[in-house]
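Since the structure comes first, as structure tokens, the remarks are kept for the end.
The values are calculated or read from the model by the stated rules, or taken from the named source; none is laboratory data. On a predicted model such as this, the values are computed, not experimentally measured, just so you know. Cβ placement follows ideal geometry from the backbone for every residue including glycine, while neighbour counts extend to all protein chains displayed. Please note that ligands, DNA and RNA were not included when accessible areas were found on the heavy atoms of the full protein model with its side chains. Shrake-Rupley method; radii C 1.70, N 1.55, O 1.52, S 1.80 Å.
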Amino acid sequence: MTSFKLKISLLLTIAVMMGSVASAAIPSGYYDNAQGKTQQALLTALETIVNNGKSAQSYAAVWTAFRTTDADSNGKLIDMYSNKLWTYSNDQCGSYSNVGDCYNREHSMPKSWFGGSTSAGPGTDLFHMYPTDGKVNGQRSAYPFGECANGTRLTNGSYVGKGKLGTCTYSGGSGTVFEPDDEYKGDFARTYFYMVTAYNSKQTSWTSSGTNLSGNKYPCFNTWSLNMLLEWHRN
């Protein structure tokens, strides 16, 4: 993956959602095809740019990639769903019963939303895949991200889930949602903006019912989710 290109593309992705244009230090000519475009036309141009030169990988290779993409300075894998720091390979799931048992490959945008595939494309895209506690990942399931005032947080002694499951209390939202802890809300918001940009042409075939998505190619998210994700990004 050309992670530098993918990360700077998020600046313009967020600009689309906010209706403004952001600037950053970018390779010469990189965004030429996006100049002067807004809304759907800009997302279409960015999809081409983001995917130019991006390499595919297998689902199995995701395990190996985590060793580089999500490791701290001591080589432990950082978990956005629990306070456990994982040992690469040794702690991979398998079976689990409690928080802190093992980590797996979380599609932060659930794969059921885009058809359940774990083949190249959204099914193996590292930009939205994270090593996460198996038990908390199971609790999150395919529920959308949201905010819930009195959600359930899983614990197991000193191991604590980073996130809670409950009824949505964000204005305009409803149903069961998973609320990540504040420290990672911005990361997940930018991940979601990336996903609807990199796979913008596929948005009309992705599931919108019971998700954060709107079922169209612009603005991609339902209104309450878009408002919330922008708030998470800004905060």
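Which pairs, out of Lys84/Lys162; Lys135/Lys162; Lys111/Lys185, put more than 18 Å between their alpha-carbon atoms? It would help to have the intermediate numbers written out before the result.
Details: Lys84/Lys162 10 Å; Lys135/Lys162 11 Å; Lys111/Lys185 20 Å.
Too far apart for the 18 Å limit: Lys111/Lys185.
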Practice item. Taking the chain as the reference, fit the longest principal axis to its C-alpha atoms, fit the long axis of helix 223-234 to the helix C-alpha atoms, and give the angle between the two in degrees, 0 to 90, nearest 10. Key: 80 degrees
Revision key, fill the gap. Taking Cα atoms only, helix 39-51 is inclined relative to the longest principal axis of the chain by an angle, in degrees rounded to 10, of 70 degrees
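Leaving ligands and nucleic acids out of the surface, order Arg190, Arg105 by accessible area at 1.4 Å, largest first.
Arg190, Arg105
Have a look at the DSSP beta bridges in the stretch 117-208 and tell me what percent are antiparallel, nearest 5. It would help to have the intermediate numbers written out before the result.
Values: 8 of 9 bridges.
Roughly 90 percent of the DSSP beta bridges within the stretch 117-208 come out antiparallel.
Rolling a 1.4 Å sphere over the protein heavy atoms, what is the accessible area per residue of the stretch 140-235, to the nearest Å²?
Roughly 42 Å² per residue, with all protein chains present.
Enter the per residue convex hull volume of the stretch 95-230, computed from alpha-carbon coordinates, in Å³ rounded to the nearest integer. Walk me through the numbers on the way to the answer.
Values: hull volume 14.0 nm³, N = 136.
Hull volume over Cα atoms, normalised by residue count, gives 103 Å³.
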Check your understanding: Can you give me the Cα centroid spacing of the stretch 84-149 and the stretch 33-60 in angstrom?
Key -> 25 Å
Check your understanding: Under a straight-distance cross-link criterion of Cα-Cα below 15 Å, which aspartates and glutamates are reachable from Lys202, leaving out those fewer than 8 residues away in the same chain?
Key -> Glu47, Asp125
Practice item. Take Trp63, project a point 7 Å from its Cα along the Cβ direction, then tell me which residues of the stretch 115-149 have their backbone nitrogen under 18 Å from it. Key: 118-120, 124-126, 129-135
Exercise for review: Please work through the chain and write down the cysteines that have no neighbouring cysteine Cβ at a distance under 4.7 Å.
Suggested key: Cys148, Cys168, Cys220
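Give, in nm to one decimal, the length gained when the segment between Ala142 and Ile26 is fully stretched (0.36 nm per residue of separation minus the Cα-Cα distance). If you can, show how the numbers build up before the last one.
Working: separation 116, 0.36 × 116 = 41.76 nm, distance 3.52 nm.
Answer, rounded to one decimal: 38.2 nm.
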